[in-house]
Amino acid sequence: MKIVLASASARRKEILSMVCKDFDIRISNADESYSDEIPICNVAKILAERKAMSVPLYGDEIVIGCDTVVICKDELMGKPKGRDDAIRMLEKLSKNTHSVISGICVRSRDKVFSESVESLVYMRNMSREEIEKYVDNEQPYDKAGAYGIQESAGAFVSRIEGDFYNIVGLPLCRLVEILKDEFSVVLD
């Protein structure tokens with residue numbers, strides 16, 4: 001079976017390539033808006049489903065859709081809208097624990113399976129100077145919660161609970177299990 005990743009994310013592509021050498025990319029044009037009536041813990045799963053369903057599927061292909069959100073103190077943090085928003089998000093994350101939830105949806109011609117995977121991230125106290133330096137020197141604008149744990153922001157993280165790759169943007173361990181258990185696909 002051919003694997004298709006419904007994402008333009010370089011991070012997701014890199015993570016998937018760790019376990020699958022041959023896959024296609026089909027960029028999703030799914031609507032990423034959501035109603036405030038949706039519980040925030042379900043947003044990533046719903047968006048992942050939309051992404052997986054929005055790309056064409058041919059023959060015996062399997063499509064993987066994924067979306068990741070950060071939740072801190074009941075605020076769903078998507079990608080920051082600018083410098084001030086990125087600083088605000090990082091200040092809120094400072095000295096707090098937050099959830100990183102990735103929704104994952106795997107789709108074949110005959111089956112659709114989706115779920116959410118949660119990891120907890122514990123951030124140390126960050127000074128305003130550290131936050132501004134990070135925002136000005138890294139690229140926080142394409143990342144939920146305005147940080148990438150795989151970048152220098154990893155120095156802000158005192159510990160995690162759960163899958164590291166989930167925090168980066170693709171819950172690798174769970175994806176491999178879903179493909180094996182639900183679709184009888186063992187990656188190379």
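Listed here are the residues, each with its yes/no results for (1) of a type in the set (Phe, Trp, Tyr); (2) over 13 Å from the mean Cα position of the chain (by Cα); (3) surrounded by 19 or more Cβ atoms within 10 Å (Cβ to Cβ).
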| position | (1), (2), (3) |
| --- | --- |
| Phe23 | yes, yes, no |
| Ile27 | no, yes, no |
| Ile38 | no, yes, no |
| Leu47 | no, no, yes |
| Leu57 | no, yes, no |
| Ile62 | no, yes, yes |
| Ile71 | no, no, yes |
In the stretch 62-101, the residues that are more than 18 Å from Ser158 (Cβ to Cβ), touching a Leu at 6+ places or on another chain (Cβ under 7 Å) and of a type outside the set (Val, Ile, Thr):
Cys66, Asp67
Filter the stretch 1-10 down to the residues that are part of a loop (DSSP other than H, G, I, E, B) and either among the aromatic types (Phe, Trp, Tyr) or within 16 Å of the chain's Cα centre (by Cα) (or both) and list them by number.
Ala6, Ser7, Ala8, Ser9
Within the stretch 1-18, track down each residue that is in contact (Cβ under 8 Å) with a residue 40 or more places away in the chain and surrounded by fewer than 16 Cβ atoms within 10 Å (Cβ to Cβ).
Met1, Lys2, Met18
Return the residue satisfying two criteria in turn: it lies in the stretch 130-184 and is on the phi > 0 side of the Ramachandran plot and in a helix (DSSP H, G or I), and of such residues it is surrounded by the fewest Cβ atoms within 10 Å (Cβ to Cβ).
Ala146
Filter result for Lys13 (closer than 26 Å to Val157 by Cβ and either touching a Cys at 6+ places or on another chain (Cβ under 6 Å) or not in a helix (DSSP H, G or I) (or both)):
no
Being among the charged types (D, E, K, R) and more than 14 Å from the chain's Cα centre (by Cα): is that true of Lys92 here?
yes
Of the numbered conditions (1) among the hydrophobic types (A, V, I, L, M, F, W, C); (2) part of a helix (DSSP H, G or I); (3) under 23 Å from Glu49 (Cα atoms), Val100 fails exactly one; give the number of that condition.
(2)
Would you mind telling me which numbered condition in (1) in a loop (DSSP other than H, G, I, E, B); (2) modelled with pLDDT of 95 or more; (3) basic (Lys, Arg) Lys79 fails?
(2)
By residue number, the members of the stretch 103-129 that are under 21 Å from Glu182 (Cα atoms) and not in a strand (DSSP E or B) are Ser108, Arg109, Asp110, Lys111
Within the stretch 119-148, take every residue that is among the hydrophobic types (A, V, I, L, M, F, W, C) and modelled with pLDDT of 95 or more and give me the one that is farthest from Pro80 (Cα to Cα).
Leu120
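The values are calculated or read from the model by the stated rules, or taken from the named source; none is laboratory data. What you see is a predicted model, and the numbers here were worked out from it, not measured in a lab. Cβ atoms come from the backbone with ideal geometry, glycine included; neighbour counts cover every protein chain shown.
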